[in-house]
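Worksheet for the structure shown next.
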Amino acid sequence: MAQIESEAKATQALLYISASDLERHTVDEVFARVSKLGEALLASESTGKNTVQLVSDLQLRDNYGFQRFLALHLARPAPSNRTETKAFQIFLEELTAQGILASVGERLGHFEASRATDYWLPVSVDGIEDKAESNLIEVTRACRMGLVELPEAPEKALPPGHSLAFSDASREAPGFDRCGVLWLPSIDIATPQEATQLSTTLGRINDLVISIRPEALVQPFARTSLLNQLKALAANGVTKIVPVQFLGQMIAPEGAEIERQRRTIASLPKTRSRRIAPSDANRQVLLEDAKIAWGYFEEHTVPNTGLCPATVDFSATGGRVHPTVTMWDVGSHINALIAARQLGLLGEKRFERNILQILTQVRGRQSQGRLLPQGWLRVDRQKWGNKDFDGSDAGRLLASFVNLKRTFGLEDRLSVLVESWDLDKIVIKGKVHSVTDGALHSVYRSHSAHYSARAFRAWGIGVSSPYEVFSGSSPYDDQMALLETVSWIGPLGAEPLLLEALELGMSRESAYLAEVLFAAQLEDHEENGRLIAVSEGPIDRAPWFTYQGLQMDALERTWALDTVGYEPQFADPSFWRENLVVSSKAAYLWAACKPHAYSDKLLTHVRKKARTKRGFASSIYSKTGRVTSTYTDLNTNAVILQAIAKTLGEA
């Protein structure tokens, strides 16, 4: 980086600094190296060996197709000022006659830091070129929470986009600020004299907004001069006059994650939750739902172990009970017992007996010098399971212990049990690992890692989370960092995102991701009329269990599907479309965590189609509406119980 080298026959060399390389160094190291590079460039130029140029200058020299863009923006006069209004209309008609497009808005000149509103720049600018003028709408300025609203209609959703402001081109560079506002360089034409001197003010190569105040158009000579200058600029072969929206879109970055961020911000006015206490009738229906979900445990719990099978297929031709449970299932079972007790479906003595039975079963198994909860247990045998350990499932179990301790005590017994396990031996450099056939495997790259980290920490075990990328520099930068992390991990579904809210309280990271996922589901419903509630869970055909969610790195909204073994035959988008399901438990989670008209639709849909005599069916296929009517599972019914207990408890 400190030495300039080039090929002997090269006439020019392009130097660039890689941001991905820079992140491996401290700020001081980068500064020192860049200083050396600057010294080397100056030395090379001083000896006559090279001439240092900006890339933009090189483009001007070698690219005869260079074009610069000017955006014309007119500030609308006050209706009471007839003189300015008449001049404004005349000038707008003259622009239209010349085929020059302009945007129109209420703001005057450059935007101040203390302003109350910004303009809104939609992602799509389709159709603007067919209009003589395009109105820029004003929105409330928001930074901390990212909530941007129409001042006169705060409940109305905006089209996907971002806030826009005009800066002083002589002092400030264009680009996004820490609040996600796109600043465009502009010049402020405030008087007739300034209107006549536009050409000398503009410069020759910079893209700019020409912001014209109504008082600058009052004098006919100023309007004529301004129009002639604009005509000359448009005809010079270099300049193209475009609406502000076009210039903004040319400067704004593109990408799947930032597009999803924009859409989420735009949807916030219509996705806000409004918790209303359920009516007596709704309360009764929810209690009936809870009884149906509790029926799964009533029928399938094994008396001598207290455990319950993970899935049950009760079809007439091939019925089967899956005889094992993971620690994730056991954690769900504990939460189901807590919810059933809270809802009055389970008496105190039986509750305590069932809990103690389960705690006895999960005491763990010694292997390779580690005592850990087992990967799975047989539900019909005493403490009988394999030697493996699953770090994500252990997080679910620990979270259920937090819930149990908070609601019904048993702190001493739970602490003794957790402290007996060698959990510190599977946390390496802050990352939780699983054990399979004696080998350690990191579970850090998963959506359960954040949930598990919070559960481990609740028991005094320091664990890192991939979600925790917020630096505090700005909410928009934090959001982008988190969305990129989600892209790296995989499709985002409702679990364990919303389980965190029920059991541990929602973190800032998960709260934001819940907004993103909910907004995308609502967006799909409004566009296509279908109901979307993605999560992990079983289906009644191969691959039998899927992780379904929003694929964050896809430019088009995509509901993707992962499998336990990541089998390539199931990685086909056509397979995803055929097997996209409404998760029954996700519907109840959204109803509990995000009270909203769309959540009500999900609940009604699942209640109508997925109730069975043996609990709730796991899934409803989105394409066909077919229900897994003879296929149900522990997690679905446990989470539904949890969600109902939260809904009625908070009410």
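Here, each number is a calculation from the coordinates, and none is a lab measurement. As the structure is a prediction and not an experimental result, all values here were calculated from the model. Because the Cβ atoms are built from the backbone with ideal geometry, glycine has one as well, and the counts that use them run over all protein chains shown.
Rounded to whole Å and sorted largest first, list the principal axis extents of the Cα atoms in region 389-449.
Principal extents (largest minus smallest coordinate, Cα): 35, 24, 21 Å.
Counting only the backbone N, which residues of region 557-584 are under 17 Å from the spot 7 Å out from the Cα of A542 toward its beta-carbon?
Counting only backbone N, you get 562-576, 578-579.
Dimensions of region 280-650 along principal axes (Cα, Å, largest first)?
Computed over the Cα atoms, the extents are 53, 49, 42 Å.
Run the quick spin-label model on V416 and R445: label points 7 Å from Cα toward the beta carbon, then report their separation in nm to one decimal.
Simple spin-label model gives 4.2 nm for this pair.
What shape does region 146-248 take by its C-alpha gyration tensor, where a ≥ b ≥ c are the square roots of the eigenvalues and a/c under 1.5 counts as rounded, a/b above b/c as prolate, and the rest as oblate?
prolate
If we count other beta carbons within 10 Å of each Cβ, what is the order of L513, L202, fewest first?
Neighbour counts put them in this order, fewest first: L202, L513.
Starting from the exponent 0.38 and prefactor 2.2 Å, build the expected Rg for the chain from its residue count and divide its actual Cα Rg by it.
1.20
Order 325-333, 277-285, 213-221 from most to least packed using the mean count of other Cβ atoms within 10 Å.
325-333, 213-221, 277-285
What percent antiparallel are the DSSP beta bridges of region 68-253, to the nearest 5?
The antiparallel proportion sits near 30 percent.
May I ask you to compute the full-extension gain from D424 to A554, defined as 0.36 nm times their residue separation minus their alpha-carbon distance, rounded to one decimal in nm?
43.1 nm
Kindly give Rg over Rh for region 68-253, based on alpha-carbon atoms, with the Kirkwood expression for the hydrodynamic radius.
That ratio is 0.95, to two decimals.
For the pair A235 and L15, what calculated FRET efficiency results from E = 1/(1 + (r/R0)^6), where r is the Cβ-Cβ distance and R0 = 35 Å, to the nearest 0.05?
Approximately 0.40, to the nearest 0.05.
Just add up the charged neighbours of N81: K/R +1, D/E -1, any other residue whose Cβ is under 12 Å from the Cβ of N81.
+2
For region 490-608, list log₁₀ I(q)/I(0) at each q in 0.11, 0.18 Å⁻¹, using the Debye formula over Cα point scatterers of equal strength and ignoring solvent, two decimals each.
The computed values of log10 I(q)/I(0) come out as -0.34, -0.94.
Which order do peptides 594-604, 226-236 fall in by mean Cβ count within 10 Å, highest first?
594-604, 226-236
To the nearest 0.05, how large is the calculated FRET efficiency for E106 and E155 if R₀ is 30 Å and r is the Cβ-Cβ distance?
Result of the calculation: an efficiency of 0.90.
Quick one: K156, K646, fewest Cβ neighbours within 10 Å first, how do they rank?
K156, K646
Would you order I210, I461 from fewest to most other beta-carbon atoms within 10 Å of each residue's own beta-carbon?
Going from sparsest to densest Cβ surroundings: I461, I210.
Ignoring everything except DSSP H segments at least 4 long, calculate the 222 nm mean residue ellipticity for the chain; use -39,500 (n - 2.57) per segment, divide by total residues, nearest 500.
-13500 deg cm²/dmol
Every cysteine in the chain with no other Cys Cβ under 4.7 Å from its Cβ, please list them in numeric order.
C308, C593
Quick check: pseudo-label points 7 Å beyond the Cα along Cα→Cβ at F408 and E578, how many nm apart are they?
In this crude label model, F408 to E578 measures out at 4.4 nm.
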